[in-house]
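Working notes, structure below.
The values are calculated or read from the model by the stated rules, or taken from the named source; none is laboratory data. All values derive from a computational prediction rather than experimental measurement. Here Cβ is always computed from backbone atoms with ideal geometry, including for glycine, and neighbour counts include all displayed protein chains.
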Amino acid sequence: MSYRSILVHACQPAAAQARYLLAARIALAEGAQLAGIAASGSLEVLYRSGAAAALMPIGPEDCAFLTENARHDLAAFEETVRASGARLVSGRVTDESAAAALPLAARYADLLVIGQACSPDAIVANDQSLARTVLVHAPCPVLVVPADSRTVAMPERPLIAWDGSMEASRAVRGALPLLQRTGRVTVACFFPQKYQADGSAGGAALVAYLACHGVAVDLLAPAQAASVGHALLALADLRGHDLLVMGSFGHSRFREVVLGGATRTVLAETGIPVLMAH
């Protein structure tokens, strides 16, 4: 398994260099092609302003600056990629919002790379994290890269947050190209007994699965914590991990409250890249 097509969200160039460089280095290592997409959100502005059109008509020309900003974002991404030597195959600007455009475009990618906090323009911003929205709807693994990521090199010390769930399993599969390059990973088991259908203890079944793919595992059983998210981040910091692999939750409000607190915490506070799948 390998990544052959990597899609990158181009936005906020001043805060996106770590994202662009990491995506480029993964593409170079995997022999993958890179594509960039910048979203202006102007269609959403026009839609939201429809109710007030009688008082203050707004037309496409009034949103032209949003499209121009998106073009600037895309150009900055393309410049960084070309300088890295990675293969850039396409870049496009869409007038849809990022929350609408990214999951659709990700249907044709092996990996989607986004920022930790890529808010749209203030005019179309809302109180829901773009990263969480994309994670729920993207059909491929999503790599979330903080603006102040401590590394933009290929990950060397991945940490897997494992609870045996479908989401965690999808995240591990989505991360396999990166895990196989390191050859060894650390697995932190939280509540794995919930999903163990084969009666195996802890993450034993995952250890056997990763061994099939040439990946050795250091298995940890951290003390149960009130906040799994904070426990994961503390563990990653203590042990010097440079990539966190975990599932994300976002279906019903009840399920998210019970199981998804770690997703919210990690997205808000991580200092290292996080590969997630839903």
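Tell me the residue from 92, 107 that is touching a Leu at 6+ places or on another chain (Cβ under 9 Å), surrounded by fewer than 18 Cβ atoms within 10 Å (Cβ to Cβ) and at pLDDT 95 or above, please.
Values: 107 fails: touching a Leu at 6+ places or on another chain (Cβ under 9 Å).
The match here is 92.
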Residue match in region 176-187 (condition: at pLDDT 95 or above, crowded, with 22+ Cβ neighbours inside 10 Å and not β-branched (Val, Ile, Thr)): yes
Criterion: modelled with pLDDT of 85 or more, among the polar types (S, T, N, Q), out of contact with any strand residue (DSSP E or B) (no Cβ under 7 Å at 6 or more places or on another chain) and closer than 23 Å to residue 227 by Cα - qualifying residue of 129, 149, 169: 169
Residues (crowded, with 16+ Cβ neighbours inside 10 Å and modelled with pLDDT of 95 or more) located in region 214-228: 215, 217
